[in-house]
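All of the numbers you see were taken from the coordinates with simple rules; none came from a lab. Because the structure is a prediction, the values reported are computed rather than measured. Cβ: placed from backbone, ideal geometry, glycine included. Neighbour counts: every protein chain shown.
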Amino acid sequence: MKPIILICICLTIVGCAASDGFDNRNFAIDTYSPTPNEIQLAERRARNYLDRNGARFGPEPRYLAVETSSLFPYGGLYPKLINSETTASFFANNGLQSYSYSNLVLTGVTIYDTKTGHAVGNQGYVSVDTPNPGEVARFGDYTARWIGTGRSFF
């Protein structure tokens, strides 16, 4: 009986240690157009992050999700919040029936391509919740490591 328990404990520990830190939920609730200055800021943050942490993570995933700006709530947002996979914090604080945008924090996210050294284009993503620092998650069509503002988290 003891060997079986020991094997189960070992498999549980190995399974936890092998976690790749991937959250398959889509953190983008909408798209937006970052300004050229915001794109430059995102590229600078991503390069600084790679200089400090690139060796730790290696070349995968190819993309980094960079916090670019804080956005203000806008019209037509409620249906996107309802259909999102990652807006639990908003509804936990406000409830489904009575919501207030005063507690809503929207983050503008730019996707940085580590192979080209530039943002993937002129489109960014709007996010309410964000993954854990360093975690890999989806933003629209991209699977990217969330680096936030690029400051070291570890």
>> Treating only the Cβ of Lys, Arg, Asp and Glu as charged (+1, +1, -1, -1), what charge dipole size does region 21-148 show about its Cα centre? Round to the nearest 20 debye.
In response: 240 debye
> When the Kirkwood radius is taken over all Cα pairs of region 21-148, what Stokes-Einstein diffusion coefficient follows at 37 °C and 0.692 mPa s, in µm²/s?
Replying inline: 220 µm²/s
> Cα gyration tensor of region 105-154, axes a ≥ b ≥ c as square roots of the eigenvalues: rounded (a/c below 1.5), prolate (a/b > b/c) or oblate?
Replying inline: oblate
>> Can you work out the Karplus-derived ³J(HN,Hα) for every residue in region 29-41? Use 6.51 cos²θ - 1.76 cosθ + 1.60 with θ = phi - 60°, whole Hz, and x for glycine or proline.
In response: 9, 6, 10, 8, 10, x, 6, x, 5, 5, 5, 4, 4
>> For a quick check: with amide H placed at 1.01 Å from N, whose amide H comes under 5 Å from Ala28's, ignoring anything fewer than 5 positions away on the same chain?
In response: Gly140
>> Starting from the 7 Å offset along Cα-to-Cβ, what nm value, one decimal, do you get for the label separation of Asn83 and Asp23?
In response: 2.1 nm
>> So if the hydrodynamic radius of region 22-61 is defined as the Kirkwood radius over C-alpha pairs, what does Stokes-Einstein give as its diffusion coefficient at 4 °C and 1.567 mPa s, in µm² per second?
In response: 104 µm²/s
>> For the pair Phe72/Val105, report the inter-label distance in nm, with labels modelled 7 Å from Cα in the Cβ direction.
In response: 1.9 nm
